[in-house]
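Colleague: Have a look at the structure that comes next, please.
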Amino acid sequence: RISAADALNRGWCLMELNRPMEAATAFGMAESRSHGNKTAQDAAYGRSLAYLRLGATQNAAVAATTARQTPERQANLSAQILSQRAVAAYNADRCSEVFIALDERARLVPENRDLMLLRGWCYYKAGDVSAATKIFQALDMSMSTAESRSGTAEAFDIMNRKRMKY
């Protein structure tokens, strides 16, 4: 039997080695062997991060609630969970869920460039080409990339085709 502190250290080492499944197990062991102290808090946080790295968003959300976290950690975990939910919803063509997840996340932390692109493409898919264009143009003006130029070009192409019909 290893101590809670040793299991916690093992979990962090396994995360460094990019072995999140094993890390989640070690963090779970640390949490179960500690009793509501800082080790339990750190273990719950580590287990949440391990599940996030695995893409197991729901497990991460559950693990995040097993021990009280600092406001910073809670915001970090919530933001990562909401990011994964937004990407999963986008991949499943559920734009309304994307907007909900991104709006919730934006209340916690500023929206990063990748998620702004995701929002733009979701507006585009939902047929709000004007909103998509504004996002793509803003991104392109702040830092032009292939993704921002592609989004802008696609949106302008759609708007031009609509104008030609009239």
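Colleague: Which whole-number percent gives the relative contact order of the range 3-122, counting Cα pairs below 8 Å spaced six or more residues apart?
Modeller: 17 percent
Colleague: Over 10 Å intervals from 0, what percent of Cα-Cα pairs in the range 20-166 sits in each interval?
Modeller: Bin by bin from 0 Å, the calculated values are 12, 32, 26, 17, 9, 3, 1, 0.
Colleague: Using the Karplus curve 6.51 cos²θ - 1.76 cosθ + 1.60 with θ = phi - 60°, what ³J(HN,Hα) values do you get for each residue of the range 134-142, in whole Hz, with x for Gly and Pro?
Modeller: 4, 5, 4, 5, 4, 5, 5, 6, 6
Colleague: Okay, next question. When the helices in the chain are scored as -39500 (n - 2.57) per DSSP H run of 4 or longer and the sum is shared across all residues, what 222 nm value do you end up with, to the nearest 500 deg cm²/dmol? Before the final figure, lay out the partial values.
Modeller: Numbers: 9 runs with 135 residues, N = 166.
-26500 deg cm²/dmol, from helical runs alone.
Colleague: Then there's this: Where does the longest stretch of the chain lie that holds no trypsin sites (Lys or Arg not before Pro) found in a DSSP loop with 12 or fewer other Cβ atoms within 10 Å?
Modeller: 69-166
Colleague: I've got another one for you. What translational D, rounded to a whole number of µm²/s, comes out for the range 38-101 from Stokes-Einstein when the hydrodynamic radius is the Kirkwood one over Cα pairs, at 4 °C and 1.567 mPa s?
Modeller: 108 µm²/s
Colleague: Then there is this: What whole-number value in Å² describes the accessible area per residue of the chain for a 1.4 Å probe?
Modeller: Computed with neighbouring chains in place, this is 57 Å² per residue.
Colleague: Find how many whole Å separate the alpha carbon centroid of the range 94-110 from the alpha carbon centroid of the range 9-51.
Modeller: 28 Å
Colleague: Additional query: Per residue of the range 119-124, what does 6.51 cos²θ - 1.76 cosθ + 1.60 with θ = phi - 60° give for ³J(HN,Hα)? Whole Hz please, x for Gly and Pro, Karplus curve as stated.
Modeller: Result, rounded to whole Hz: 4, x, 5, 5, 4, 4.
The values are calculated or read from the model by the stated rules, or taken from the named source; none is laboratory data. Not measured: the values here are computed from a predicted model. Please note: Cβ atoms are built from the backbone with ideal geometry, for glycine as well, and neighbour counts cover all protein chains shown. Note: areas computed on protein heavy atoms with side chains; ligands, DNA, RNA excluded. Shrake-Rupley method; radii C 1.70, N 1.55, O 1.52, S 1.80 Å.
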